[in-house]
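> First the structure, then my questions, so here it is.
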Amino acid sequence: MKNLDFFKEAGFEEIDHTADWAYRVWGPNLEELFIQAALGLFALAGADLEPEPVVVRELQLRGVDSESLLVAWLNELLYLHESEGLGFNQFDIGHLDRQSLQVRVTGAPVKSWLKFIKAVTYHDLSIRETGAGLEATLVIDV
């Protein structure tokens, strides 16, 4: 039985994967797909953020295509968690095309993080068009 959240315009859900950990994200456009991928990463890792201090970062990332940019985006968020103990729950995308992303992320220090994640991988990654927008399956190295 499919998760009923699948029928929302945008969202994410954990899916079965033989070796690592995977989740599927969807949205009506590339911007919403990137936001759902980030929300899904933090939610599925069990990230719980402190109420304050609020932390804001401006990020600018580049990739050779939308898929590599998506991986760079999520791995940058993981890097900020590992290096500074931060998590994010608000994303304001200023610019996004197939090769560049400019985004303001808002979050806080992480109170708890339940699942260790090494990296987001390129394994079987493709951003696909659907009748409702875009969809991608992300495989996480844990």
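Readers should treat all values here as calculations from the given coordinates under stated rules, not as data from a laboratory. Everything numeric here is computed off the predicted structure, so don't read it as measured data. In this analysis, Cβ positions are derived from the backbone assuming ideal geometry, glycine residues included, and neighbour counts consider all displayed protein chains.
> What net charge do the residues around residue 101 carry, taking every other residue with its C-beta under 15 Å from that of residue 101, with Lys and Arg at +1 and Asp and Glu at -1?
Every neighbour counted, the sum reads -4.
> Cα atoms only: what Rg and Dmax, in Å, come out for the chain?
That works out to 14.3, 41 Å for Rg and Dmax.
> Sticking with this structure for a sec: To the nearest 0.05, how large is the calculated FRET efficiency for residue 52 and residue 79 if R₀ is 25 Å and r is the Cβ-Cβ distance?
0.65
> Using 0.36 nm times the number of residues separating residue 43 and residue 142, minus their current alpha carbon distance, what extension gain do you get?
Using 0.36 nm per residue and subtracting the Cα-Cα distance, I get 34.1 nm.
> Order these by the 10 Å Cβ neighbour count, fewest first: 123, 81, 95.
Placing the least packed residue first, the sequence is 95, 123, 81.
> Over the chain, with a Gaussian network built from C-alpha contacts below 10 Å, which listed residue (53, 109, 28) shows the highest mean-square fluctuation?
53
> Efficiency by 1/(1 + (r/R0)^6): what FRET value for residue 14 and residue 104, r their Cβ-Cβ distance, R0 = 25 Å, to the nearest 0.05?
For residue 14 and residue 104, the calculated efficiency is 0.35.
> Can you tell me, using C-alpha contacts under 8 Å and at least 6 residues apart, the relative contact order of the chain as a whole percent?
Value for the chain: 29 percent.
> Connecting C-alpha atoms closer than 10 Å in a GNM of the chain, tell me which of 50, 13, 67 has the biggest fluctuation.
50
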